Amino acid sequence: MKKEVDVLVIGAGPAGSIAAAIINRAGFSVQVVEKMRFPRFVIGESLLPRCMEALEEAGLLDAVKAKGFQRKDGAKFVMDGNICDFNFSNQYTNGWQWTWQVPRADFDKTLADECERMGVSISYETEVTGIEIFNDHSIITVKDAAGNTDAVRARFIVDGSGYGRVIPRLFGLERPSTQPARKAVFCHITDPLRSQAFEPNRIIVYVHNPKTWIWVIPFSNGNTSVGYVGDPEFFDSFEGTLKEQYQSLLAAEPEIARRFENAKMIWDEPKTLQNWSVTTDTFYGAGFVLTGNVTEFLDPVFSSGVTLASVSAQMAAKLVIRHLNGEQVNWQEEYMAPMKKGVDVFRTYVTGWYDGALFPIFFAPKPDLEIRAQICSVLAGYVWDETNPFVARHEKNVRGLSNFLAAKKSLF
């Protein structure tokens, strides 16, 4: 047994780094094991303002500010020439009014590097192959890139492994999501006409058809992330290599075609992601807690992934500290219940996006400004603010307002 620590964190992405930093700042020893070598690409490039609170508490905010990432002040939605523009400065909840759009390879490495600077030990190219849980500790078997195995004794485990979903897979906790299967095709490309758009400080979402949408996420390095998301069958009509299909996708939406007509791809070829939605039976267990995408990942629309990762890590880390200090923690009521509430709020809006319920609300010709501010707070990631009617009664109010506006439109 080479190492004994208070907490072993699986994964050095945002969830793992935030949890590790908060626990380390409380004076406990932390070991992070990360399967990949950083920097590495991962999806989830448009953050939400609620992330900033977690980064600040973890002591990571200044390191991110120093990188000069693209500021994000809101989100713009476009459908059939109609525009819905949300500015985070006009939101209902009292919170952060801006955040960043980031190439995740750079962002994640910034967080991990700052954790190491704080004194957190990170072992890259190291994966967890087995976990034995005892009354007051666990034995974690790890394997490095050379195939060497070792064991770590830890008092507690935080799983922030993202799509790797280490503990759910080891313990058979994975369950299929209720979200339909969807596919994304995306790439980082040059953006020579960005100055004509005058819109670098927001994500732009285009509705290509009722079930297919496009993200446009500008970065401070001059490049832009552009991706299509839709039913897998939508992409079957585009022939050729993946690169040729992507070029056809860019040409399929007129405004995208004009802006990126002379753009060049930064990567050798686009990337695809499919069937990403998944959930688990529980978000915690004896000696461990799950954070971020390990709990549940819904969909790229509304950029909820990094927010749920950040907030779950922030919340879990503080409970782990209490546990290590000998306090009783009600993991069901203090962690799983609030995290499920946040996920369920986002789920209502994701579902409403794909079944069209949000379209009458977003593109209403004369929107109610108070309601617009309340929905803006949801899109800023403040999905735990129970004073917001579109959080506290999210399903009822979204569906009710949508039906009302649709019926009103049909009368004229």
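The values are calculated or read from the model by the stated rules, or taken from the named source; none is laboratory data. No experiment lies behind these values; they were computed from the predicted model shown. So basically every Cβ, Gly included, is an ideal-geometry build from the backbone, and we count neighbours across all protein chains shown. With ligands, DNA and RNA removed, areas are computed over all heavy atoms of the protein, side chains included. Shrake-Rupley method; radii C 1.70, N 1.55, O 1.52, S 1.80 Å.
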Tally the residues that are of a type in the set (D, E, K, R) and in contact (Cβ under 8 Å) with a residue 40 or more places away in the chain, restricting the search to the range 323-358. 4
I'm told VAL306 meets every condition in (1) surrounded by fewer than 23 Cβ atoms within 10 Å (Cβ to Cβ); (2) closer than 28 Å to VAL7 by Cβ except one. Can you identify the failing condition by its number? (1)
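Of the residues that sit in the range 215-244 and are assigned to a helix (DSSP H, G or I) and touching a Pro at 6+ places or on another chain (Cβ under 8 Å), which one is most open to solvent (accessible area, probe 1.4 Å)?
Here the answer is LYS243.
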Members of the range 16-68 found to be closer than 30 Å to VAL229 by Cα, open to solvent by less than 10 Å² (accessible area, probe 1.4 Å), in contact (Cβ under 8 Å) with a residue 60 or more places away in the chain and not small (Gly, Ala, Ser), listed by number: ILE18, GLU45, LEU47, LEU48, PRO49, CYS51, LEU55
Output the qualifying pairs, or none if there are none: Cβ atoms under 6 angstrom, residues six or more apart or on different chains, first residue in the range 190-212 and farther than 30 Å from ALA357 by Cβ, second residue part of a loop (DSSP other than H, G, I, E, B) and open to solvent by less than 50 Å² (accessible area, probe 1.4 Å). THR190/ALA263
Members of the range 69-90 that are of a type in the set (A, V, I, L, M, F, W, C), farther than 23 Å from ASN388 by Cα and surrounded by 17 or more Cβ atoms within 10 Å (Cβ to Cβ): PHE69, VAL78, MET79
Scan the range 180-203 residue by residue and report those that are open to solvent by 20 Å² or more (accessible area, probe 1.4 Å) and not in a strand (DSSP E or B). PRO180, ALA181, PRO192, LEU193, ARG194, SER195, GLN196, ALA197, PHE198, GLU199, PRO200, ASN201
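Tell me the residue from LYS264, LYS271 that is touching a Ser or Thr at 6+ places or on another chain (Cβ under 6 Å), open to solvent by 30 Å² or more (accessible area, probe 1.4 Å), in contact (Cβ under 8 Å) with a residue 12 or more places away in the chain and not aromatic (Phe, Trp, Tyr), please.
That would be LYS264, the only listed residue that is touching a Ser or Thr at 6+ places or on another chain (Cβ under 6 Å), open to solvent by 30 Å² or more (accessible area, probe 1.4 Å), in contact (Cβ under 8 Å) with a residue 12 or more places away in the chain and not aromatic (Phe, Trp, Tyr).
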For the range 290-303, the count of residues that are part of a helix (DSSP H, G or I), open to solvent by 10 Å² or more (accessible area, probe 1.4 Å) and of a type outside the set (S, T, N, Q) equals 1
For the range 280-289, does any single residue satisfy the condition of being touching a helix residue (DSSP H, G or I) at 6+ places or on another chain (Cβ under 6 Å), open to solvent by 50 Å² or more (accessible area, probe 1.4 Å), touching a residue at least 40 places away in the same chain (Cβ under 8 Å) and of a type in the set (Asp, Glu)? no
Restricting to the range 156-176, what's the tally of residues that are surrounded by fewer than 17 Cβ atoms within 10 Å (Cβ to Cβ) and assigned to a loop (DSSP other than H, G, I, E, B)? 1
Kindly provide the set of residues from the range 326-339 that are in a loop (DSSP other than H, G, I, E, B) and out of contact with any helix residue (DSSP H, G or I) (no Cβ under 6 Å at 6 or more places or on another chain), ordered by number. GLY326, GLU327, GLN328, ASN330
